[in-house]
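The values are calculated or read from the model by the stated rules, or taken from the named source; none is laboratory data. Quick caveat, the model's predicted, so the values are computed rather than measured. In this analysis, Cβ positions are derived from the backbone assuming ideal geometry, glycine residues included, and neighbour counts consider all displayed protein chains.
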Amino acid sequence: MTDAISTLGGGRPVSIHTDDAAKARLKTRYAAEMRFKWLGAGAVALAGFFLVLLLSTVVTQAWPALRMNYLMLPLDLSAAKVDPAKLDGFDFQGVINDALAAEFPDVTSRQDRRLLRGLISTGAGTFLRKDIAEDPGMLGTTVDYAVPLDDFADLYLKGLLADVGTDEAIATTVTPSGTTGDIELTFGDDAMLALARGHGATEGENGALTLTSGAASLLVALNGGTVKLTALAPGDGGTVVAKGLVIEALDSNAPAATGQAALRVIDTPESSRKISDKEIVWLDRLQSEGLTESRFNSIFFFTGASREPELAGVWGAVVGSFLTMIVTLAIAFPIGVSAAIYLEEFAPKNRLTTIIEVNINNLAAVPSIVFGLLGLAVFLNFFGLPRSAPVVGGMVLALMTLPIIIIASRASLRAVPPSIREAALGIGASKVQTVFHHVLPLAMPGIMTGTILGMAHALGETAPLLMIGMVAFIVDIPGGFTDPATILPVQIFMWADFPEPGFQQKTSAAILILLAFLVIMNAIAVILRKRFERRW
Amino acid sequence: MNIMTEAGVEQKLAQRTNEPPIKMKGEKVNVHYGEKRALFDVDLDVRENQVTALIGPSGCGKSTFLRCLNRMNDTIDIARVSGKITLDGEDVYDPKIDVVELRARVGMVFQKPNPFPKSIYENVAYGPRIHGLAKSKADLDGIVESSLKKAGLFNEVKDRLLESGTGLSGGQQQRLCIARAIAVSPEVILMDEPCSALDPIATARVEELIDELRENYTIVIVTHSMQQAARVSQRTAMFHLGYLVEEGATEKMFTNPDDKRTQDYITGRFG
Ligand SMILES: Nc1ncnc2c1ncn2[C@@H]1O[C@H](COP(=O)(O)OP(=O)(O)O)[C@@H](O)[C@H]1O
Ligand SMILES: [Mg+2]
């Protein structure tokens, strides 16, 4: 036929689309496609990996903060102790401390009593006062009351304090010389010496070893008590004689058979730990007696800020965020949508509107801290509005959200097909009727989606609010738009800065709450979009 | 047969005088889109209770002229209209004329069916409601029903008036749009290629409808189909490159046009 097609050996005709060069071209095209596909898949996988990593870190960190350990103590609130007429100046913490001391009759020295009291949160008395105020029926009797524990006690019980060791049975007999005070323990073999050496004991004369405060703690539990070893020396006939201090009185000085005594090694020296050997022993005792109870952490969810980790709650920040968002929405939504409608439907297309348009787009790209500076200079310094107040925070965030809402609203107004406008105008609807009866309802899902995304953006914003003082430490839960308040991201920012390990979990838990809010808002946006998607 | 007898001329004159009165009149209508001129001194009369068809190749200005009649061109920023267009002798571009009232009197049906994404009932009721034509709910129901009946749609949709208008078939949608236009009781109905998006059966229904509507309304229709123009219209105007080439009784336009371009166009030599 033509010269473009020649037949080779009676097979398929070869043309410029089937010859070898064409096949090679085709191959490189497919290769390019594959490369691109794999690059894309890789990018998505990487993003997914980091997302999972982020979420799992936050969730595992946050999980323990959702529960908290309480101490169930019988509180004597009889009239002899608590005078119902004089509740105002009453030392509620004292009642709790007394009840705790009653559990530990052996603990008598001032120093130890103070240490013991430290197991309980300093805010426990406040909770008790509040509960009594709510339920005066508690007075006059002895009630079992859940006392919140101090943050370190709580962390210990949750097993979150690193390196506190576990009990292991001792494979020999142990004979105590007494039940309290400084006693001697005789071990049936010398395995203990090697063990103490391995844990930083100081060598003395004749193979004697001393366990100073810089060494690991060796705690021996036997006969219902606990002894902390202070020194060891080889004894007669391959035994080891250890000197020790009784932390918890023994029931008797009878020898403990092989496997009856247990040894616990805590490698971190007591001096560099946040929780002492005594506290560990006391907490173990309370736990084994079933006096501790892990409950839903209502303190975290329903109280305001505090400098004590176990008392710090997120509710104040949640309320602050909520109030701020209301102000933001109330300002940004009507103004943003009105501006979008005017620019899209009514404004003449001229130099001025073009400049306005460009600048709205530019505003969306302004760093948020600049809006904070603006709020500081204008709202606080010029108009004299209150510092740290949700109303000012809301105004600043509204300024930030406005361009986002305007741009999203204009886009969805523009997406309404012109045929709808023509239809309305064609039967004599005025311009305003056309917009409000037909165009706006169709654009509304898009507008709402844009608004919610803008609000989600504002909800996570920290920097501009630091500028207007919403970073202040506010204990009270804000009751109105002009009360001092803080907001979730700022609260997270502050907690992340505190050194106490108790705040680490709270930080993660607060992040989780913030993420939950964002997910909910985004889900609403998606639902709205799906729900009101219209065909025309 | 170019030579006319005396009797023939007389008959023609009589016919002239019998012609219905002029409803709308365009005089030296010019339209510019920015720098581009789309219509050149168009003079065209639209007579009462007649169907006037506008034909011509794409881009010749048919829609542009049609949209001048109810000032839909006002919605295009760059469009400028000059010349004079009257409705019952009143200049529609007079600043004293209210466009909302004008569009209530001169309704429009578009090329692509464009019902509101609302119920069938709402589609028809919207116009009467904004113009305050119904005194009561029953009144409005009556207007909706009669409009749907006039548009030949009532029997098909009477059981689903509250369902969405966009769920109807293309032909039904277009008849719904006609019902919507009728519902405000216009005097003139403008139709811009109302059947171009419809299948032949739906087209036939709409054509039938147009013929029925002629009794009560004055209709101007833009069409691409010569057969359609021949079937439904009494008068035809041929546009070309923004000029009105020729205008006259449909029968004459299709059998014996004066202008060579009309001849070429209707015989399919360009278009
Ligand atoms: N909105 C517009 N903006 C600019 N030019 C337009 C616009 N509408 C129509 N025109 C131009 O005017 C001329 C006539 O268009 P139109 O009246 O739509 O033709 P048709 O006879 O096909 O309906 C065309 O050249 C078209 O390009
Ligand atoms: Mg057209």
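Checking B:Lys112, B:Lys118, B:Lys137, B:Lys158 one by one, the residue that is among the charged types (D, E, K, R), within 20 Å of B:Ala197 (Cα to Cα) and either away from chain A (no Cβ under 14 Å) or touching a helix residue (DSSP H, G or I) at 6+ places or on another chain (Cβ under 7 Å) (or both) is B:Lys112 and no other. Residues that are within 26 Å of the chain's Cα centre (by Cα) and small (Gly, Ala, Ser) within segment A:391-408 comprise A:Gly393, A:Gly394, listed in sequence order. Number of residues in segment A:269-301 that are among the polar types (S, T, N, Q) and touching a helix residue (DSSP H, G or I) at 6+ places or on another chain (Cβ under 8 Å): the value is 5.
Tallying residues that are free of Cβ contacts under 8 Å to residues at least 60 places away in the same chain, away from ligand 2 (no atom under 16 Å from the Cβ) and buried (at least 16 other Cβ atoms within 10 Å of the Cβ) within segment B:75-91 yields 2.
I'd like the full set of residues that are within 16 Å of ligand 1 (Cβ to nearest atom), in a loop (DSSP other than H, G, I, E, B), at pLDDT 90 or above and not β-branched (Val, Ile, Thr), limited to segment B:166-225. Break it down stepwise before answering.
Taking segment B:166-225 as the starting set, the residues that turn out to be within 16 Å of ligand 1 (Cβ to nearest atom) are B:190-197, B:220-225.
Now drop any that are not in a loop (DSSP other than H, G, I, E, B), which leaves B:193-197, B:223-225.
Then drop every residue that is not at pLDDT 90 or above, which leaves B:193-195, B:223.
Answer for segment B:166-225, where residues must be within 16 Å of ligand 1 (Cβ to nearest atom), in a loop (DSSP other than H, G, I, E, B), at pLDDT 90 or above and not β-branched (Val, Ile, Thr): B:Glu193, B:Pro194, B:Cys195.
Figure legend. Inter-residue proximity from segment A:421-435: first residues over 16 Å from B:Leu133 (Cα atoms) and at the interface with chain B (Cβ under 7 Å from one of its Cβ atoms), second residues of a type in the set (Lys, Arg) and surrounded by fewer than 23 Cβ atoms within 10 Å (Cβ to Cβ), beta-carbon distance below 9 Å, spacing 6+ or different chains. Indicated pairs: A:Leu425/A:Lys431.
If a residue has to be under 21 Å from A:Glu310 (Cα atoms) and either among the polar types (S, T, N, Q) or free of Cβ contacts under 8 Å to residues at least 40 places away in the same chain (or both) to count, how many in segment A:151-173 make the cut?
The number of residues fulfilling the criteria is 1.
Looking only at residues in segment B:80-92 that are in contact with a helix residue (DSSP H, G or I) (Cβ under 8 Å, 6 or more places away or on another chain) and under 22 Å from B:Gln234 (Cα atoms), which one is nearest to the other protein chains (Cβ to nearest Cβ)? Before you say what the answer is, go through the steps one by one.
Narrowing segment B:80-92 to residues in contact with a helix residue (DSSP H, G or I) (Cβ under 8 Å, 6 or more places away or on another chain): B:81, B:85, B:87, B:92.
Filter once more, keeping what is under 22 Å from B:Gln234 (Cα atoms): B:85, B:87.
Values: B:Ile85: 17, B:Leu87: 14 Å.
The qualifying residue nearest to the other protein chains (Cβ to nearest Cβ) is B:Leu87.
Among residues that are small (Gly, Ala, Ser), touching a residue at least 40 places away in the same chain (Cβ under 8 Å), more than 9 Å from chain A (Cβ to nearest Cβ) and surrounded by fewer than 23 Cβ atoms within 10 Å (Cβ to Cβ), B:Ala53 is not included.
Could you tell me which of the residues A:Ser412, A:Ser388 is of a type in the set (Ser, Thr, Tyr), more than 14 Å from chain B (Cβ to nearest Cβ), over 29 Å from the mean Cα position of the chain (by Cα) and surrounded by 16 or more Cβ atoms within 10 Å (Cβ to Cβ)? Before you say what the answer is, go through the steps one by one.
Values: A:Ser388 fails: over 29 Å from the mean Cα position of the chain (by Cα).
One residue alone meets the criteria, A:Ser412.
State all residues of segment B:52-64 that are within 7 Å of ligand 1 (Cβ to nearest atom) and more than 12 Å from B:Tyr33 (Cα to Cα); if no residue qualifies, say none. Lay out the reasoning, then the answer.
We begin by selecting, within segment B:52-64, every residue within 7 Å of ligand 1 (Cβ to nearest atom); these are B:56, B:58-64.
Correct list: B:Gly56, B:Ser58, B:Gly59, B:Cys60, B:Lys62, B:Ser63.
Taking the criterion of being more than 8 Å from ligand 1 (Cβ to nearest atom) and assigned to a strand (DSSP E or B), the residues of segment B:27-38 that qualify are B:Glu27, B:Lys28, B:Val29, B:Asn30, B:His32, B:Arg37.
Conditions (1) aliphatic (A, V, I, L, M); (2) closer than 27 Å to A:Thr482 by Cβ, marked per residue:
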{"site": "A:Thr239", "(1), (2)": "no, no"}
{"site": "A:Ala249", "(1), (2)": "yes, no"}
{"site": "A:Pro269", "(1), (2)": "no, no"}
{"site": "A:Lys274", "(1), (2)": "no, no"}
{"site": "A:Lys278", "(1), (2)": "no, no"}
{"site": "A:Ser294", "(1), (2)": "no, no"}
{"site": "A:Phe301", "(1), (2)": "no, yes"}
{"site": "A:Thr328", "(1), (2)": "no, yes"}
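Somewhere in segment B:115-134, is a residue within 16 Å of ligand 1 (Cβ to nearest atom) and buried (at least 21 other Cβ atoms within 10 Å of the Cβ)? Taking every residue of segment B:115-134 in turn, none turns out to be within 16 Å of ligand 1 (Cβ to nearest atom) and buried (at least 21 other Cβ atoms within 10 Å of the Cβ).
Scanning segment B:65-79 for residues that are within 11 Å of the chain's Cα centre (by Cα) and more than 10 Å from chain A (Cβ to nearest Cβ), we see that the one that is farthest from B:Ile189 (Cα to Cα) is B:Phe65. Looking only at segment A:346-378, residues that are within 14 Å of chain B (Cβ to nearest Cβ) and part of a loop (DSSP other than H, G, I, E, B) come to 4 in all.
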